[in-house]
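The values are calculated or read from the model by the stated rules, or taken from the named source; none is laboratory data. From a predicted model like this one, the values you see are computed outputs, not experimental measurements. Here Cβ is always computed from backbone atoms with ideal geometry, including for glycine, and neighbour counts include all displayed protein chains.
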Amino acid sequence: MVWREIGLMDERLRFVGECLSGEETMTQLCAAFDISRKTSYKWLGRYRELGPEGLHDLPRAPLKHGRATASELVERIVAAKEAHPLWGPKKILARLERAEPSCGWPAASTAGEILKRHGLVGRRRRRWKAAGNGPWPEPAQPNAVWTGDHKGWFRTRDGWRCEPLTVMDGLSRYLLALAATGSTAEEEAWPVFERLFEENGLSDRFRSDNGSPFASAGVTGLTPLAVRFIKLGIALERIQPGKPQQNGRHERFHLTMLPMANAPEADRQAQAQAFEAFRHSYNEERPHEALAMDTPAQHYRPSTRPMPKTTAEPNYPAEAAVRGVRQNGAVKWRGAEIYVSVTLAGEPIAIEETENGEWAMRFYAHPLGLIDEKTMKLVRRSAAPPRPLGAAANSS
């Protein structure tokens, strides 16, 4: 038999009250309330032990069941989350399983519920997905392409302006540099790249946006830093304006490091130390979903192209017209002065006829543009560059 549904608590309280009054026997009360003697003694016992609160229904879920996660594992999952508050359950479990694969860790969904019960899961923002690889081929090995950018600036607590310079390997996602630079000037960027080249060797290509210090607004788009890269045999890949998805993996990484900008350190030195600690954790500890939950350090290896002691001279073919760029940034060709770039002052460039009869200008292997013979000006190519007659794939 069951209690009547209307006024369930009132019914139970009335039953207990009449039972304690002693005016009727338990048999009579059970018949009047349409309940069994077992039920009547249960509620009477709960009332005597807990008072009126004891008459509420208890949760029906078992206190323990066979599939419950061991308390020791729960504690370690919670501790890992507290140590890495920006990691989700997938990364936390991947890290724990890599350290101790025989522990019988729960599924990521279970770990998520554990973290939720402990109040360690906040509101999840919509994920920004890095789409595509732009017009370039996917990197087939480490150092095939490095990507770089300056993260939006912020101030340390003492007021110093920090514009972090970030450099990453395109295949392994290995964070090569997270430098606390104070501007986007070439004078601050080159020492960072010089150290990276000496420690890791050279990349084949380098991808960036069209901002300083990587590119300029001129026809050639060259900056002193870009010239250094070209002379080292590094091909330049520049994303189209307004298309950050062409460097999407790098942009996605900037979201990962965003909390650091929102919680700046005391000064430049402290910020640099915090950046280096973050870089170590990102490369050596943090599992990456795109790498099957491996770390970037497990997939990166130094380049087989070491940083040269001196840069080689360009190896232009004999049929090319080689011209030295004057201090005003121009070259003399067919009686006219054609402006190229002040950045190339003192450097030799080559002018070569293409297969379709146009005249192309290049610096080492880097195409600079086409000569408009009507205006005698250097113009940017509007499509894929035609191959110059007799030009080698690499000029160094």
If a residue has to be surrounded by fewer than 19 Cβ atoms within 10 Å (Cβ to Cβ) and touching a helix residue (DSSP H, G or I) at 6+ places or on another chain (Cβ under 8 Å) to count, how many in the stretch 219-235 make the cut? 2
First in the stretch 23-48 and in a helix (DSSP H, G or I), second anywhere and surrounded by 17 or more Cβ atoms within 10 Å (Cβ to Cβ) and polar (S, T, N, Q), Cβ under 7 Å, 6 or more apart: 26/40; 29/40; 30/40
Scope the stretch 346-377; condition among the acidic types (Asp, Glu) and either under 17 Å from residue 326 (Cα atoms) or assigned to a strand (DSSP E or B) (or both); matching residues: 347, 352, 353, 372
State whether one or more residues within the stretch 180-199 are buried (at least 16 other Cβ atoms within 10 Å of the Cβ), under 29 Å from residue 293 (Cα atoms) and out of contact with any strand residue (DSSP E or B) (no Cβ under 9 Å at 6 or more places or on another chain). yes
Would the stretch 191-205 turn up any residue that is of a type outside the set (Ser, Thr, Tyr), in the same structural domain as residue 268 (by TED's automatic domain parsing) and touching a helix residue (DSSP H, G or I) at 6+ places or on another chain (Cβ under 7 Å)? no
Here are the criteria: (1) within 30 Å of residue 196 (Cα to Cα); (2) touching a residue at least 12 places away in the same chain (Cβ under 8 Å). Tell me which single one residue 269 does not satisfy. (2)
Neighbours by Cβ (under 6 Å, 6+ apart or cross-chain): first from the stretch 94-106, in the same structural domain as residue 78 (by TED's automatic domain parsing); second assigned to a loop (DSSP other than H, G, I, E, B): 94/287; 94/293; 95/287; 96/105; 97/105; 106/69
Pull up the stretch 282-311, narrow it to residues that are closer than 13 Å to residue 173 by Cα and of a type in the set (S, T, N, Q), then point me to the one that is surrounded by the most Cβ atoms within 10 Å (Cβ to Cβ). 295
Looking at the stretch 125-243, what strands (runs of 3 or more DSSP E) fall wholly within it and have at least 2 residues that are more than 29 Å from residue 341 (Cβ to Cβ)? 175-179
Can you tell me which residue in the stretch 360-385 is nearest to the chain's Cα centre (by Cα), limited to those that are touching a residue at least 24 places away in the same chain (Cβ under 8 Å) and farther than 24 Å from residue 206 by Cβ? 379
Residue 300 fails exactly one of the following numbered conditions: (1) under 20 Å from residue 231 (Cβ atoms); (2) under 43 Å from the mean Cα position of the chain (by Cα). What is the number of that condition? (1)
Mind checking which pairs have a first residue in the stretch 302-314 that is closer than 11 Å to residue 233 by Cα and a second that is assigned to a loop (DSSP other than H, G, I, E, B) and at pLDDT below 95, Cβ under 6 Å, 6 or more apart or different chains? 312/396; 314/395
Somewhere in the stretch 143-163, is a residue surrounded by fewer than 17 Cβ atoms within 10 Å (Cβ to Cβ), free of Cβ contacts under 8 Å to residues at least 24 places away in the same chain and among the charged types (D, E, K, R)? yes
Answer with yes or no whether residue 251 is within 19 Å of the chain's Cα centre (by Cα) and surrounded by fewer than 17 Cβ atoms within 10 Å (Cβ to Cβ). no
Of those in the stretch 39-71 that are surrounded by 13 or more Cβ atoms within 10 Å (Cβ to Cβ) and of a type in the set (S, T, N, Q), the residue modelled with the highest pLDDT is 39
